[in-house]
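Q: Sending over a structure as C-alpha cells; questions will come in a sec.
The values are calculated or read from the model by the stated rules, or taken from the named source; none is laboratory data. Bear in mind that the values here come from a model prediction, so they are computed numbers and not experimental data. Methodologically, a virtual Cβ is constructed for each residue, glycine included, from the backbone with ideal geometry; neighbour enumeration extends over all protein chains shown.
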Amino acid sequence: MVGSLSVLSKDKIAYFSMEIALSNNMHTYSGGLGVLAGDVVRTSADLKIPLVAVTLVSRKGYFRQEFTPDGRQIELPDPWNPEEMLEPLPNIVTVQVEGRDVRVKAWRYNVRGATGGVVSVYFLDTDVDGNSPEDREITSYLYGGDERYRLKQEIVLGIGGVRMLENLGINIRKYHMNEGHSSLLAVELLRKYDLDVNRVRSMCIFTTHTPIEAAHDKFPYDIIKEVMGEIIPLDLLKKLGGEDELNMTLLALKLSEYINGVSKMHRMVSQEMFPSYEIHSITNGVHSYTWTCESFRKLYDKYLPGWAYEPELLSRVDIIPEDEIWQAHMEAKRRLIDYVNSVTDAKMDYDTLTIGFARRATAYKRHTLIFSDIERLRRVAKRGRIQLIFAGKAHPRDELGKKMIEEIFRYKQALKDEILIAYLKNYNVGLAAMMVSGVDVWLNTPLPPLEASGTSGMKAAHNGVINFSVLDGWWVEGWVEGITGWAIGPTPEERACMPLGEQIAMEINDLYGKLEHVIIPMYYGRRGEWIKLMKNSIGKLASHFNSYRMMYRYVTEAYL
Ligand SMILES: *Cc1c(COP(=O)(O)O)cnc(C)c1O
C-alpha cells in the first residue's frame, strides 16, 4: 500500500491543462492530452500528492461525431451539464479581454482516490451575469473558434486560473503547465512578482507534448495587444515569447525550471528543436485501474492483490493460469464485438483475429497505412481471417483527417466479402476502454518521429492486448521483438540514415509480412505462445508504463 506523499508540503502543485478527461459524461477533452491529465489527477488522488488541477468548463464540449453513409464526418454540439456534476463556488475573478473586464467563476469537482486522497479540479467558466453574451461563450467550445477565441480561452485558463487559485486561498508551490496552452499563467506570475523572471522560473514546470511545430500555439502581437493588452511590458514579452509572434511553447520554455518531453524519443526530438534548453524525459503512463477492464481487474485482484495501487506487482503475472487469462480476454472481446454488432452491420464474430486502431484522426497517425496495398492485404487475410475495428474524431478543420475516415469507409465497402471492417463513431474514453481491452492486437502506425508518446498502447497492454506498432514514442522503450509485441518498420537508428520512401516501404512490408507470417499463424495455430505474449504485455509493459511510475518521477524530479 502506498504511503502518503501529502507530508511533503501543505502547499499545492497547480496542474493546468486546457483539457481534462475525468469521465465519459464530462465533455472536457478531445484526446490523449486530456486523458493523460485525467490520469494525472486520478493518480495524484491515489498517492495523496498535494495537487489541484485547473481547466476550462467547455460547456458545449468538443463535438459529437456522426457520419453520413459514405463516411463524411458530421460535427454536432456535445453539451454537458456542469450544474449536475460540479459544485458551484461563489468566487469570482476578472481578466481583461479586449479592454473589457470579464468575470470568471469556478466549479469544483473532487476526485477521490481509493486510498482516501482527494484532488480538486477547478473548471473555469465565463458564463457569468454581467459578462457580454460574447464573453459568456469564451469557455464554451474546446478547441473551437478562431485564433482570437483561442487566445481568450488561454487568457482565462492561464491568467484567470492563477487569480482564481489565489482567490480561493490555495497556496501554490509549483505550477505545472500541461502543454503550452496555459503558458500565460507564467506571464501572470511575472506581473505578480515584479517581473522577477528567476523567481517565476523557479515555480514553473512545463511538459511539452508534440514535436509538430505547427501544433505549437502562436499569436501575432497585434492580436495580443488588442485582446490581452499589456499585462507585462511588451518588450519583455517579446524577449520571452519571440520577436515576431508570441510563441506559447517558447514562453513556457523560457519561464520553466523543469522541462520535459513525454518519452525518451520525444526528449531527443524536442532537444533538437530547442537546443538551448535542458529537456528531461518522463515517459507517460496510464492509470492502471481505470484502464483495466472488469474481467482482468477480477483476475489481478485474485492473483496479484494490491496491483491497482502498486502496478509493479503486474510483473508477477506468470502466476496466473493461461486459461484464466484467455477467459478474461474473451469476456472483454465478446463485449466489444457485441457492441460493434449492435451499432454497425459488420456481423463480426468472437473467434476471428481482431485488430483495433483508434486515435484522433489526423494525417500523421496514418489510419489508412494498412490499406496501402489492397491486393496484399487480401492475400494476408487469406492466410487467416482478420477483422478491423477503427475509431477516432478528426478536428472540424482537419480536412485531411476527415478524408482519411472517408477512405476507410470506401475500403470497408470494397473489402466487405474478405475483411470485416467497422468504423465506430464518437471515440471517447468509454469506447476507448472497450476497444483497448476487446481486440486481440492494437495497431499503431504514426509517421515517426511525430508520436510524442502515445498512451492507448499502454492501455491495451493492461488488458493483455498485444501491440503491433511503428517504433515511435513509448514503443521504442517498450518493444522487445516477439516478446512484448512486434515492431513495424525500422528502429530510430536505422531510420536516421534512410530516405523516407524506403522507410515507408519497409513499414508497409513489415505490416503485411508480420501479419501474414507471424501474427496470424501464431493466433490461429499456437495459442500458448500467443498467451505468453499477452502475459508479457501485462508483466513487462503494464507494470512499467503506468501513471504511478510517471507521477513518482514528477514528484521526485520536478515537484520537490
Ligand atoms: C487514450 C486515448 C487517446 C490517446 O491515444 P493515443 O494512442 O495516444 O493516440 C485519445 N483519445 C481517447 C478517448 C483515449 O482514451
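Q: Could you identify the single residue in LEU450, LEU500 that is over 26 Å from TYR524 (Cβ atoms) and within 14 Å of the ligand (Cβ to nearest atom)?
A: The match here is LEU450.
Q: Would you say LEU51 is in the same structural domain as ARG173 (by TED's automatic domain parsing) and under 18 Å from the mean Cα position of the chain (by Cα)?
A: Criteria not met by LEU51.
Q: Specify which of the listed residues (LYS105, LYS60, LYS48) is crowded, with 16+ Cβ neighbours inside 10 Å, of a type outside the set (Asp, Glu) and free of Cβ contacts under 8 Å to residues at least 24 places away in the same chain.
A: Every option except LYS105 fails the conditions.
Q: Turning to a different aspect of this structure: Output the residues belonging to region 424-444 that are within 11 Å of the ligand (Cβ to nearest atom) and touching a helix residue (DSSP H, G or I) at 6+ places or on another chain (Cβ under 8 Å).
A: VAL429, ALA432, ALA433, MET434, MET435, VAL436, TRP442, LEU443, ASN444 - these are the residues of region 424-444 that are within 11 Å of the ligand (Cβ to nearest atom) and touching a helix residue (DSSP H, G or I) at 6+ places or on another chain (Cβ under 8 Å).
Q: Can you tell me which residue within region 344-378, out of those that are of a type in the set (Lys, Arg) and within 26 Å of SER30 (Cβ to Cβ), is nearest to the ligand (Cβ to nearest atom)?
A: ARG359
Q: Identify, from the list LYS393, LYS403, the residue that is out of contact with any strand residue (DSSP E or B) (no Cβ under 8 Å at 6 or more places or on another chain), closer than 29 Å to GLY145 by Cβ, at pLDDT 95 or above and not β-branched (Val, Ile, Thr).
A: LYS403
Q: Can you name the condition, by its number, that HIS517 falls short on among (1) over 25 Å from CYS293 (Cα atoms); (2) crowded, with 18+ Cβ neighbours inside 10 Å?
A: If we test HIS517 against (1) over 25 Å from CYS293 (Cα atoms); (2) crowded, with 18+ Cβ neighbours inside 10 Å, just (2) comes out false.
Residues checked against (1) within 16 Å of the ligand (Cβ to nearest atom); (2) assigned to a loop (DSSP other than H, G, I, E, B); (3) more than 25 Å from GLY489 (Cβ to Cβ):
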residue	(1), (2), (3)
SER342	no, no, yes
VAL380	no, no, no
LEU400	no, no, no
ILE405	yes, no, no
PHE409	no, no, yes
ALA422	no, no, yes
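Yes/no per residue for (1) farther than 28 Å from PHE206 by Cα; (2) touching a helix residue (DSSP H, G or I) at 6+ places or on another chain (Cβ under 6 Å); (3) within 16 Å of the ligand (Cβ to nearest atom); (4) not aromatic (Phe, Trp, Tyr):
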{"site": "GLY464", "(1), (2), (3), (4)": "yes, yes, no, yes"}
{"site": "ASP472", "(1), (2), (3), (4)": "no, no, yes, yes"}
{"site": "MET506", "(1), (2), (3), (4)": "yes, no, no, yes"}
{"site": "LEU515", "(1), (2), (3), (4)": "yes, yes, no, yes"}
{"site": "ILE531", "(1), (2), (3), (4)": "yes, yes, no, yes"}
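Q: Do we have any residue at all in region 22-41 that's away from the ligand (no atom under 16 Å from the Cβ), hydrophobic (A, V, I, L, M, F, W, C) and either crowded, with 24+ Cβ neighbours inside 10 Å or assigned to a strand (DSSP E or B) (or both)?
A: No, every residue in region 22-41 fails to be away from the ligand (no atom under 16 Å from the Cβ), hydrophobic (A, V, I, L, M, F, W, C) and either crowded, with 24+ Cβ neighbours inside 10 Å or assigned to a strand (DSSP E or B) (or both).
Q: Now, a different point. Quick check on ARG379: is it surrounded by 14 or more Cβ atoms within 10 Å (Cβ to Cβ) and either over 23 Å from VAL343 (Cβ atoms) or without any contact (Cβ under 8 Å) to a residue 12 or more places away in the chain (or both)?
A: Here the answer is no, as ARG379 does not meet what is asked.
Q: Are any of the residues in region 60-79 in the same structural domain as GLU188 (by TED's automatic domain parsing) and over 30 Å from ILE408 (Cβ atoms)?
A: Looking for residues that are in the same structural domain as GLU188 (by TED's automatic domain parsing) and over 30 Å from ILE408 (Cβ atoms), one finds none in region 60-79, hence no.
Q: Only one of TYR364, TYR423 is closer than 27 Å to TYR143 by Cβ, surrounded by fewer than 20 Cβ atoms within 10 Å (Cβ to Cβ) and touching a residue at least 60 places away in the same chain (Cβ under 8 Å); which?
A: TYR364
Q: Next question. For ILE389, all conditions in the list (1) closer than 24 Å to LEU36 by Cβ; (2) assigned to a loop (DSSP other than H, G, I, E, B) hold save one; what is the number of the exception?
A: It fails just one condition, (2).
Q: While we're here: Please specify each residue of region 42-62 satisfying the condition of being under 21 Å from ILE138 (Cβ atoms) and assigned to a loop (DSSP other than H, G, I, E, B).
A: VAL57, SER58, ARG59, LYS60, GLY61, TYR62
Q: Then there's this: Hey, can you tell me all the residues within region 52-65 that are touching a Lys or Arg at 6+ places or on another chain (Cβ under 6 Å) and more than 16 Å from the ligand (Cβ to nearest atom)?
A: The answer is VAL52, and nothing else.
Q: Here are some residues: PHE357, PHE390. Which one is touching a Leu at 6+ places or on another chain (Cβ under 8 Å), assigned by TED's automatic domain parsing to the domain that holds ARG297 and without any contact (Cβ under 8 Å) to a residue 40 or more places away in the chain?
A: On inspection, the qualifying residue turns out to be PHE390.
Q: Condition first: buried (at least 21 other Cβ atoms within 10 Å of the Cβ), hydrophobic (A, V, I, L, M, F, W, C) and within 23 Å of MET85 (Cα to Cα). Now tell me which residues in region 118-157 satisfy that.
A: Answer for region 118-157, where residues must be buried (at least 21 other Cβ atoms within 10 Å of the Cβ), hydrophobic (A, V, I, L, M, F, W, C) and within 23 Å of MET85 (Cα to Cα): VAL119, VAL121, PHE123, LEU124, ILE138, LEU142, VAL156, LEU157.
Q: Another one. On the basis of being assigned by TED's automatic domain parsing to the domain that holds MET434 and in a helix (DSSP H, G or I), does ARG297 make the cut?
A: So ARG297 fits the description; yes.
Q: Answer with yes or no whether ALA394 is surrounded by fewer than 18 Cβ atoms within 10 Å (Cβ to Cβ) and under 27 Å from GLY32 (Cβ atoms).
A: When the stated conditions are applied, ALA394 does not pass them.
Q: Which pairs have Cβ atoms under 7 Å, sit 6 or more apart or on different chains, and link a residue in region 508-526 that is without any contact (Cβ under 8 Å) to a residue 12 or more places away in the chain to one that is surrounded by fewer than 15 Cβ atoms within 10 Å (Cβ to Cβ)?
A: Filtered contacts from region 508-526: MET522/GLU529.
Table: residues versus (1) surrounded by fewer than 22 Cβ atoms within 10 Å (Cβ to Cβ); (2) outside any loop (DSSP other than H, G, I, E, B); (3) touching a Phe, Trp or Tyr at 6+ places or on another chain (Cβ under 8 Å); (4) touching a residue at least 24 places away in the same chain (Cβ under 8 Å).
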| site | (1), (2), (3), (4) |
| --- | --- |
| ILE223 | yes, yes, no, yes |
| SER256 | no, no, yes, yes |
| HIS266 | no, yes, no, yes |
| SER270 | no, yes, no, yes |
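Q: Answer yes or no as to whether GLU375 is part of a helix (DSSP H, G or I), touching a Lys or Arg at 6+ places or on another chain (Cβ under 9 Å) and among the charged types (D, E, K, R).
A: no
Q: Would you be able to say whether some residue in region 304-323 is under 25 Å from HIS176 (Cα atoms), touching a residue at least 60 places away in the same chain (Cβ under 8 Å), assigned to a loop (DSSP other than H, G, I, E, B) and in contact with a helix residue (DSSP H, G or I) (Cβ under 7 Å, 6 or more places away or on another chain)?
A: No.
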